Every structure is written in C-alpha cells, then in structure tokens.
Amino acid sequence: MTPSTTPTSSPTTTGANTTAYDNIDPAFHYIGVWTQINDTNLSYYKGTDSYSNDSTTPATVTFMFTGTRVQLHGTTNTDRGIYGITLDSNAEILTSAYSPTQVFEVTVYDSGTLPKGPHTLTIRVTGTSDPSATDTIIDVDDAKVFP
C-alpha cells in the first residue's frame with residue numbers, strides 16, 4: 001500500500017535544524033501490504049502511522065534522504081516484531097520493537113553520524129518477533145533527518 005495522499009504531509013523543521021518526515025510523506029515508498037492509521041487522538045506524529053506484519057511479500061518501505069544522520073520513529077508494544085533495517089549498501093541490522101507496554105515515538109533506529117549526502121534507508125518486515133510478543137507488526141511513524 002502506498003499511503004493515500006489525503007491527508008497530505010510536508011516535512012517539518014524541528015529543533016537543531018532537523019527535518020521530520022511523517023510516514024505519509026512522498027519521501028516514503030511502500031511495497032507490500034501496509035495499513036495506515038489517521039487518528040489524532042493517538043500519540044503518533046501528526047496523528048498518522050503505517051504498520052504491517054506482511055512478511056510474505058515481504059512488506060518494505062524505502063526512505064531516501066540527504067543529511068548526516070537519520071532517526072526512524074515507531075511504536076513499541078506487546079504485538080511488535082523485529083525490523084530489518086538497511087542503510088545504503090550496508091548489511092541489514094535487526095531491531096526489536098517489543099515492549100511490555102505501548103510507547104509512541106520511540107527511536108527504533110538511529111544511524112549515527114553519516115557522510116553528508118544522499119542516503120537510502122530500507123525497512124523490512126521480517127515476520128519474526130521476541131518470544132514474548134503476540135504478533136510481528138512493525139510500524140513507521142516518522143523519520144528525523146539531520147542536516
């Protein structure tokens with residue numbers, strides 16, 4: 001699913017000259033089955049979130065950006081699985097979003113300092129989870145890019 005163009009989103013400049021990109025921003029390219037939430041009553045960035053547990057396609061999302069660092073934000077909870085994350089042509093790393101309680105706007109990935117320039121972040125649904133998790137869902141809430 002490619003998130004709908006309604007509502008629309010544009011990057012927002014935040015503190016330290018960083019730019020936040022909501023998950024419905026055109027900078028995110030979705031492949032596979034993703035569900036989008038539009039609910040301003042929840043604590044998602046700008047009230048939106050995209051999530052999937054589709055590991056058969058597999059569901060992926062690609063985010064292309066220019067900067068010196070990127071942080072990916074998501075939600076941790078009992079039903080969350082393990083992200084497969086690749087930056088540029090580096091090896092994939094795995095990171096779990098399992099938590100015994102729901103927490104919004106968690107930094108699920110931080111690239112650390114990068115050479116200034118264009119980069120590609122790829123997020124993959126692995127279909128795996130912590131043994132205590134009840135599902136394998138991963139989500140994309142937003143990404144913060146540092147200049």
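The values are calculated or read from the model by the stated rules, or taken from the named source; none is laboratory data. Every value quoted in this text rests on a predicted model; they were computed, and no experiment measured them. Cβ sites come from the backbone with ideal geometry, for glycine too, and all protein chains shown count toward neighbours.
For (1) farther than 22 Å from Asp130 by Cβ; (2) touching an Asp or Glu at 6+ places or on another chain (Cβ under 8 Å), each residue gets a yes or a no:
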residue: Gly47; (1), (2): yes, yes
residue: Ser50; (1), (2): no, yes
residue: Asn53; (1), (2): no, yes
residue: Pro58; (1), (2): no, no
residue: Thr75; (1), (2): no, yes
residue: Ile82; (1), (2): no, yes
residue: Ile85; (1), (2): no, yes
residue: Ser89; (1), (2): yes, no
residue: Ala97; (1), (2): no, yes
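From the list Pro3, Pro7, which residue is buried (at least 20 other Cβ atoms within 10 Å of the Cβ), on the phi < 0 side of the Ramachandran plot, at pLDDT below 95 and not polar (S, T, N, Q)?
Values: Pro7 fails: buried (at least 20 other Cβ atoms within 10 Å of the Cβ).
Sole residue among the options that is buried (at least 20 other Cβ atoms within 10 Å of the Cβ), on the phi < 0 side of the Ramachandran plot, at pLDDT below 95 and not polar (S, T, N, Q): Pro3.
Name every residue in the stretch 76-117 that is in contact with a Leu (Cβ under 6 Å, 6 or more places away or on another chain) and farther than 19 Å from Ile137 by Cβ, in order of residue number.
Result: Leu87, Ser111.
What's the total number of residues in the stretch 40-96 that are closer than 16 Å to Val108 by Cα, part of a strand (DSSP E or B) and either touching a helix residue (DSSP H, G or I) at 6+ places or on another chain (Cβ under 7 Å) or not β-branched (Val, Ile, Thr) (or both)?
Of the residues in that region, 17 qualify.
Under 9 Å by Cβ, and 6 or more places apart or on different chains, what pairs join a residue from the stretch 71-92 that is closer than 20 Å to Thr19 by Cα and free of Cβ contacts under 8 Å to residues at least 60 places away in the same chain with one that is of a type in the set (A, V, I, L, M) and part of a strand (DSSP E or B)?
Filtered contacts from the stretch 71-92: Leu87/Val70; Leu87/Ile93; Leu87/Leu121; Asp88/Leu121.
Residue-by-condition table, conditions (1) in contact with a helix residue (DSSP H, G or I) (Cβ under 6 Å, 6 or more places away or on another chain); (2) outside any strand (DSSP E or B); (3) among the charged types (D, E, K, R); (4) in contact (Cβ under 8 Å) with a residue 60 or more places away in the chain:
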{"site": "Thr113", "(1), (2), (3), (4)": "no, yes, no, no"}
{"site": "Thr120", "(1), (2), (3), (4)": "no, no, no, no"}
{"site": "Ile123", "(1), (2), (3), (4)": "no, no, no, yes"}
{"site": "Gly127", "(1), (2), (3), (4)": "no, yes, no, yes"}
{"site": "Asp130", "(1), (2), (3), (4)": "no, yes, yes, no"}
{"site": "Ala133", "(1), (2), (3), (4)": "no, yes, no, no"}
{"site": "Ile138", "(1), (2), (3), (4)": "no, no, no, yes"}
{"site": "Ala143", "(1), (2), (3), (4)": "no, no, no, yes"}
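In the stretch 37-58, which residue that is over 12 Å from the mean Cα position of the chain (by Cα), surrounded by 15 or more Cβ atoms within 10 Å (Cβ to Cβ) and within 22 Å of Thr120 (Cβ to Cβ) is modelled with the highest pLDDT?
So, considering only residues that are over 12 Å from the mean Cα position of the chain (by Cα), surrounded by 15 or more Cβ atoms within 10 Å (Cβ to Cβ) and within 22 Å of Thr120 (Cβ to Cβ), the one modelled with the highest pLDDT is Asp54.
Can you tell me how many residues in the stretch 85-105 are buried (at least 17 other Cβ atoms within 10 Å of the Cβ) and aliphatic (A, V, I, L, M)?
3
Considering only residues that are among the hydrophobic types (A, V, I, L, M, F, W, C) and in contact with a Phe, Trp or Tyr (Cβ under 9 Å, 6 or more places away or on another chain), look in the stretch 79-93 and name the one that is farthest from Thr68 (Cα to Cα).
Within the stretch 79-93, the match that is farthest from Thr68 (Cα to Cα) is Ile82.
Which number in (1) surrounded by fewer than 19 Cβ atoms within 10 Å (Cβ to Cβ); (2) over 22 Å from Phe146 (Cβ atoms); (3) not β-branched (Val, Ile, Thr) marks the one condition that Gly112 misses?
Against the list (1) surrounded by fewer than 19 Cβ atoms within 10 Å (Cβ to Cβ); (2) over 22 Å from Phe146 (Cβ atoms); (3) not β-branched (Val, Ile, Thr), Gly112 comes up short only on (2).
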